[in-house]
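Values quoted throughout were computed directly from the atomic coordinates according to the rules given, and no laboratory measurement underlies them. The shown structure was predicted, so the numbers you read here are calculated from the model rather than taken from an experiment. Using ideal geometry, Cβ is built from the backbone for each residue, glycine included, and neighbour counts are taken over all protein chains shown.
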Amino acid sequence: MDASYDPSITAGELAERFSATVMGDPSTRIDRFASLASARQGCASFLSSPRYREQLRATQASVVVVSDAAAARQMGLSCTLIETHDPYLFFAKAAGWLNRRNRQALVPHTVVHPSAILGPGVTLGVRVSIGPGVVVGSGAIIDEDTDVDAGCILGEGVSIGAGSHLHPRVTIAPGCRIGARALIHSGAVIGSDGFGFAPQSDRSWLKIPQVGGVLIGDDVEIGANTTIDRGTLDATVIEHGVKLDNQIQIAHNVVIGRHTAIAGCVGIAGSARIGAFCQIGGAAGILGHLEIAEGTIIGPMSLVMSSILEPGKYVGVYPLQHQADWEKSAAMVRRLPEFRRQVNQELRDRPSHGKKEG
């Protein structure tokens, strides 16, 4: 890195870049974001919830992002303020931009660790960083400003878009394509064989070759130890902006629509099609060859056994229903012992008919 590089930026420059306004000294410099409680001089922080107001009063941050600068001044806050309608969104944009800006300064040109192995015909963009023990197969393309950390393995013909970051020990099988600004965490495996077998007459299984690929769009995040299987013939597709948590299993030929978010330990069986803007809670299970409508929300631990064609919030396993219907069913189930006692009591209290007095 250039010894003259200054990682800090003024509050005025930051506010102008992300369309906010400054109250106080616009020349105040910051070089990173921190929480209200831990921020020190040279840090920026933000207030996104009223429950952190006491931390706001005591913060030592040089710059604080707020939604109401006048109210913050009335609380006694004297530091430089940046006012914006959504401080949390401002923080997300500004912190990400600062990280990318500083990363370019830290890696001003392409660097390949001596222990890395690159096959013939590999193409590396500018400011690419290849870490220790990385193996890159022939014909792979790694675009600019991408970090490939220690121990990653990229197969032949893999393509990685600009601004991506592969954490240690990521494996990407041959022929898979990853879009720009991907963030892939340690232990993820992309392009492993799908679970495809044909039953034979002797009740054994014959493996079906998995020759499709995996296509991943831009701005996708993939959590640690998540696996995405390659398609049988066509590709498994993860569209732009999808966010995947840790330890998710995505089977062959699944299609996940743009900006869908999936929490940890979800299992999605083969050829399921999940629409855009869906939210799927942790440990949910989705059977294969079904469709889930755009904008659907599926609660944690739910089991989806049939297609969902109408968006809504669905929960439960006995069976999956609209949440309002499931809550009614759950209330009835909880009261079943009471109902049973009432019915038995009514049967005992009912007078007998057709019996002669002895």
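Which residue, chosen from Pro300, Tyr318, Leu336, occupies the Cα position most advanced towards the positive end of the dipole of segment 293-336, where the dipole is computed from +1 (Lys, Arg) and -1 (Asp, Glu) charges on Cβ about the Cα centre?
Leu336
State the antiparallel share, in %, of DSSP beta bridges confined to segment 9-94, rounding to the nearest 5.
The answer is about 35 percent antiparallel.
If a helix is a whole DSSP H run, which ones in the chain reach 24 Å or further along their own axis (Cα) and hold a mean Kyte-Doolittle hydropathy of at least -0.5?
For the chain, where a helix must reach 24 Å along its axis and average at least -0.5, the hits are 87-106.
Please give the charge dipole size of segment 9-94, origin at the Cα centre, charges +1 on K and R Cβ atoms and -1 on D and E Cβ atoms. Round to the nearest 20 debye.
So the dipole magnitude of segment 9-94 works out to roughly 240 debye.
For Cα pairs less than 8 Å apart in space and 6+ apart in sequence, what is the mean separation divided by the residue count of the chain, i.e. the relative contact order in percent?
About 6 percent, as a whole number.
For segment 312-345 and segment 188-245, what is the separation of their Cα centres, given in Å?
Spelled out, the Cα-based centre of one part sits 37 Å from the other.
Return the equivalent ellipsoid semi-axes of segment 111-324 as a descending list in whole Å, where each equals the square root of 5 times an eigenvalue of the C-alpha gyration tensor.
Equivalent-ellipsoid dimensions as semi-axes: 32, 20, 13 Å.
Per 10 Å bin from zero, what fraction in whole % of the C-alpha pairs of segment 15-167 is there, up to the bin with the longest pair?
In order of increasing distance, the bins hold 11, 33, 18, 18, 15, 4, 0 percent.
Take the alpha carbon gyration tensor of the chain, find the square roots of its eigenvalues, order them as a ≥ b ≥ c, and report rounded if a/c is under 1.5; if not, report prolate when a/b exceeds b/c, else oblate.
It comes out oblate by the Cα gyration axes.
What shape does segment 9-94 take by its C-alpha gyration tensor, where a ≥ b ≥ c are the square roots of the eigenvalues and a/c under 1.5 counts as rounded, a/b above b/c as prolate, and the rest as oblate?
The shape class here is rounded.
Based on Cβ point charges of +1 for Lys and Arg and -1 for Asp and Glu, what charge dipole magnitude is obtained for the chain about its Cα centre, in debye rounded to the nearest 20?
I would put it at about 1320 debye.
Once fully extended, how much extra length lies between Arg341 and Phe18, figured as 0.36 nm per residue of separation less the alpha-carbon to alpha-carbon distance?
Residue separation times 0.36 nm, minus the Cα-Cα distance, leaves 109.8 nm.
Please report the net charge: other residues with Cβ closer than 9 Å to the Cβ of Gly131, K and R +1, D and E -1.
Here the charged neighbours net out to -2.
Would you work out which of Pro26, Leu36, Leu89 lies farthest towards the positive end of the dipole of segment 9-94, given +1 charges on the beta-carbon of Lys and Arg and -1 on that of Asp and Glu, about the Cα centre?
Leu36
Ranked highest first by the average count of other Cβ atoms within 10 Å around their residues, in what order do 203-211, 238-246, 320-328, 47-55 fall?
Put in order of decreasing packing, that is 238-246, 320-328, 47-55, 203-211.
Place +1 on the Cβ of every Lys and Arg and -1 on the Cβ of every Asp and Glu in the chain, take the dipole about the Cα centre, and give the residue among Thr227, Gln104, Gly282 whose Cα lies farthest towards its positive end.
Gly282
Students often check this: by mean Cβ neighbours within 10 Å, which of 272-284, 65-77 ranks highest, and how do the rest follow?
The peptides rank, most packed first, as 272-284, 65-77.
Using alpha carbons only, how many angstrom separate the centre of segment 1-54 from the centre of segment 114-156?
Each part reduced to its Cα centre gives a spacing of 35 Å.
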